[in-house]
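Below is one structure, written out as structure tokens, with a few remarks after it.
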Amino acid sequence: MRAFFALWPDDEGRAELHARSIDAAARTRGRPVAFDKLHITLVFLGDIDDRQATCLAAGAGRLAAGDLDLVMSRTGNWRKAKIAWLAPESVPGPLGSLQESLAGIARGCGVRLEGGGYVPHVTLARGATVPLPDAPCAPVTLRFRGFCLVRSDLGSGRYEVIGRWPQRREP
């Protein structure tokens, strides 16, 4: 199965993102991202087997991370991939720690991760033929109270949450 760890915004944050997705799609001549698909990928896992999925779920269940509010205040695009995005100005410490912990769990479960640094973002539009300027924008604060393990079906384009963990405050 093709899978990834992700943060899913609450409904209020997702509504704001969806409005921005529709706007970005119009500005870039792309396609908006569906309301129920708006998320921030923490670790893209690629194709994993059932044993790895079980291992990933067990590892994720042992994490103790606090609640996370993330201010998204910059737009941009990846021309080659034809993606317009919204991102924070920088990676806040708690988000970086959660991402690193999940990447470590994935490697411990035998998942080979792609190289490169972590770039947290929400994809706003796909198939963007006009670049969205890399610039500051009106900020939106997204609230996260947990993270998910998600299966992605390339054929249908559907996402299915196969594991969900509330983030807990450290005692």
- [ ] Quote the charge dipole size of the chain about the Cα centre in Debye, to the nearest 20; the model charges only the Cβ of Lys and Arg (+1) and of Asp and Glu (-1).
- [x] 420
Open item on the list: Which three numbers, in whole Å and largest first, are the semi-axes of the equivalent ellipsoid of the range 2-166 derived from its Cα gyration tensor as √(5λ)?
Closed with: 26, 18, 14
Task: For the chain, built as a Gaussian network whose Cα springs stay under 10 Å, the top-fluctuating residue of T41, T141, T123 - done: T141
Task: Fluctuation leader among E114, E160, E100 - the chain, Gaussian network, Cα springs under 10 angstrom - done: E114
- [ ] Tell me, rounded to the nearest percent, the portion of alpha carbon pairs in the range 58-154 spaced more than 22 Å apart.
- [x] 41
Task: Percent RCO, i.e. relative contact order, over the chain, from Cα pairs under 8 Å lying at least 6 residues apart - done: 37
TODO: Compute the distance in nm between two label points, each set 7 Å from the Cα along the Cα-to-Cβ direction, one at D69 and one at R158.
DONE: 3.6
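Since every read-out is calculated from the coordinates, none of them should be taken as a lab result. In this text, all values refer to a predicted model and were calculated from it rather than measured experimentally. Note that each Cβ is placed from the backbone with ideal geometry, even for glycine, and that neighbours are counted across all protein chains shown.
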